[in-house]
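Every read-out reported here was derived from the displayed coordinates using simple, explicitly stated rules and does not represent laboratory data. For clarity, every value in this text was computed on a predicted model and none was experimentally measured. Don't worry about glycine lacking a Cβ; one is built from the backbone with ideal geometry, like all the others, and counts go over all protein chains shown.
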Amino acid sequence: MTEPIEPDLIALATPYALHAMSESEVADIDRLIAAAPAEVAQAFAEEVRAIRETMAVMSAATAVEPPQQLRDRVLAEVSGAPVVPLRRKPRRWQTAVLAAAAALVIGLGAFAVGQSLRPAPSMAEQVFAAPDVQTVSGEIPTGGTATVVFSREKNAGVLVMNDVAPPAAGTVYQMWLIDEKGPHSAGTMDAKAVAPSTTAMLGDLGDSQTLAFTVEPGSGSSQPTTPIFAQLPLI
Amino acid sequence: MTILTRVARLPFVTAELDALLRQVAARDVDAFATFYDNTRARVYGLVTRVLRDPGYSEETTQDIYLQVWRTADSYNPAAGSPLAWLLTLAHRRAVDRVRSEQAASQRESRYGAANVDPPSDQVSDSVILRDERRQVADCLGSLTDAQRECIQLAYYDGLTYVQVSERLSANLATIKSRMRDAIRGLRRCLGMA
């Protein structure tokens with residue numbers, strides 16, 4: 001591009017505003033604008049701006065609802081919850097522990113930055129910030145990993161399930177906190193909740209020493225009706 | 001050309017998104033969630049239109065909102081509306097992704113010369129008013145075929161205007177003026193000019 005006169009420059013505002021230029025062309029334009037008289041630069045900027053406002057309104061024509069799990073992922077990344085990566089392959093438990101630890105650091109970082117401006121920290125944030133926070137992780141025999149980040153002081157934990165196969169139709173996975181008196185239900189996960197990854201709060205750990213998983217019919221049971229297929233020691 | 005500070009037809013006002021962005025810049029997660037909910041269909045829809053792949057589109061949309069979270073403090077109300085800021089950022093990332101994947105030729109062979117048809121997917125009325133959607137689609141339909149083709153290739157397919165001119169065997173000056181006339185036609189039709 002050599003010595004363009006002003007109308008040529010303005011004519012390039014449209015492809016510039018629509019990102020219909022190569023990087024080198026954009027760089028050329030930016031250089032020309034920087035060297036142009038102020039009124040030319042302003043006219044160019046106003047043209048670009050008007051085009052972008054137009055296309056912003058046009059976005060109503062192409063609007064499509066994104067899947068719900070995208071919202072969960074986007075918000076998890078900024079809210080201090082454990083970050084469940086989008087493209088994670090099944091891993092060995094050592095890796096899962098490292099990932100959980102990394103997620104914890106990210107969570108704490110976000111918490112520290114945001115705490116003065118945000119409402120009371122969530123229970124998950126309180127668990128991550130607790131002085132006695134612990135992490136246990138293990139493979140689920142049928143595939144995937146389960147990680148629990150927990151605090152005895154806060155009497156709560158956060159369960160992270162990665163790449164765990166969903167339960168068969170008509171059944172749910174049920175979590176049980178087991179203490180000396182036996183198992184107490186800690187919630188259920190249906191197929192929709194499991195795939196491909198999920199987090200759940202575990203309230204009221206009490207004196208439980210183990211988190212166990214069973215497959216239960218319907219929406220869950222008051223006591224386990226099938227053998228435990230995976231468990232994590234909470235010690 | 002008039003500087004637009006308000007687009008009255010938007011179902012959610014510029015002022016509201018502007019206020020949310022300020023809160024997001026102050027690391028307010030709840031404000032960020034509201035901002036996401038008020039804009040997600042526009043962003044995801046545009047990204048999907050450019051990338052034509054659900055997996056890529058989800059990844060790119062996630063990247064876009066993380067960029068919003070990180071750079072909300074760089075939004076300057078004097079330079080344009082929050083929606084234009086967001087969709088410019090979104091379109092930039094989608095186009096970058098298309099070019100980095102070098103997927104243009106594959107997409108083309110899979111989809112042929114796609115037209116800008118309004119997608120059939122339902123979008124909740126609280127996010128995009130049905131009337132607005134129809135009016136915007138009508139405005140796109142009011143362009144000449146040649147103008148619409150230029151917008152399709154340059155904006156929704158991520159081609160450069162030089163590639164558009166090669167594709168259509170038209171000279172660069174013709175393509176530039178068609179693109180410019182197309183935008184002007186849309187602005188007039190939308191009552192923004």
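Its residues counted as N, the range A:132-229 yields a C-alpha radius of gyration over 2.2 N^0.38 Å of 1.02. Fewest-first ordering of A:I29, A:I51, A:I228 by other beta carbons within 10 Å of each residue's beta carbon gives A:I228, A:I29, A:I51. Derived from the Cα gyration tensor, the three semi-axes of the equivalent ellipsoid of the range A:164-210 are 23, 12, 7 Å, largest first.
List B:S57, A:S122, A:S222 from most exposed to least, where exposure is judged by having the fewest other Cβ atoms within 10 Å.
Ranked by crowding around the Cβ, least crowded first: A:S222, A:S122, B:S57.
For the range A:132-180, the mean projected area of the C-alpha convex hull, equal to one quarter of the hull surface, is 4.5 nm². Charge tally around B:A72: other residues with Cβ under 12 Å, Lys/Arg +1 each, Asp/Glu -1 each, net 0.
The value of relative contact order for the range A:179-233, using C-alpha pairs under 8 Å at least six residues apart, is 39 percent. Ordering A:H184, B:H91, A:H19 from the fewest to the most neighbouring beta carbons within 10 Å gives A:H184, A:H19, B:H91.
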